[in-house]
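Just below is one structure, and these are the notes that go with it.
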Amino acid sequence: MTTYKEIFENNKQWVKEKLAADTNYFDKLAEGQDPDFLYIGCSDSRVTAEELMGMKPGEVFVHRNIANIVGNNDLNVMSVINYAVDQLKVKHIVVCGHYYCGGVKAAMQSRDMGILNPWLRNIRDVYRLHHAELKVIDTEDAKYRRLIELNVQEQCLNVIKTAAVQRQYLSSGFPIVHGWVFDIKTGKLIDLNIPFEQRLKEIQEVYDLGKQINKPCDDENK
Ligand code: CO
């Protein structure tokens, strides 16, 4: 177990190693970021973002919360997506779930979880949407794994529902939205191969927000 004090010793060591490899390492980092990936994952301490992808500081814009939820009225995740798409112009948005997710497990139980209820409802809604498929799965374990995958799929759809993603994709061909599951037991990343183009088309039949509206400040400039 790492003590509080040791963290600062670790940091000193890390700075030393980085500078030994490249004396300008931190100067370069300070110049700015230009990541191609937005990663939306779970807060679970076992599921890191950069480390499991083999990525370095500056390469991934990261958002994490309990059970990798992309909630329509969550100002935090919506701000992250908008900034990543409009300003950073990321090429890929990844929603990464993981097997053995405590948030999904909690949502599968018939219990009042207090303040967590509205958050877990996002996952219970996924369960309800896919109830027909889930109810015929024999074991609780298999059901648990499948709900984790379905939750990732639904959160990808929530990313695609945003105006920023639709508008940017129609004008530049990016970002592409991907769904992954990290298997804690093997360390492997599994690509759920979500057919992005097809999903975008389906979503736009109902949630078509791709057109840019005229902002008042645009009129003033005319
Ligand atoms: Co989790």
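At-a-glance table
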{"item": "Subset of region 109-141 (residues that are within 21 Å of the chain's Cα centre (by Cα) and surrounded by fewer than 12 Cβ atoms within 10 Å (Cβ to Cβ))", "result": "118"}
{"item": "Close pairs from region 186-204: first more than 19 Å from residue 46 (Cα to Cα) and touching a residue at least 12 places away in the same chain (Cβ under 8 Å), partner of a type in the set (S, T, N, Q) and assigned to a helix (DSSP H, G or I), Cβ under 7 Å, at least 6 apart", "result": "192/153; 194/153; 204/166"}
{"item": "Check on residue 124, out of contact with any Pro (no Cβ under 8 Å at 6 or more places or on another chain) and over 14 Å from residue 149 (Cα atoms)", "result": "no"}
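Results for (1) more than 16 Å from the ligand (Cβ to nearest atom); (2) loosely packed, with under 14 Cβ neighbours inside 10 Å; (3) touching a residue at least 40 places away in the same chain (Cβ under 8 Å), shown as yes or no for each residue.
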position	(1), (2), (3)
8	yes, yes, no
17	yes, yes, no
27	yes, yes, no
58	yes, no, no
61	yes, no, no
76	yes, yes, no
85	yes, no, yes
91	yes, no, yes
103	no, no, yes
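Where a number appears in this text, it was derived from the coordinates with a stated rule and is not lab data. As the structure is a computational prediction, the values presented were derived from the model and not from experiment. Cβ: placed from backbone, ideal geometry, glycine included. Neighbour counts: every protein chain shown.
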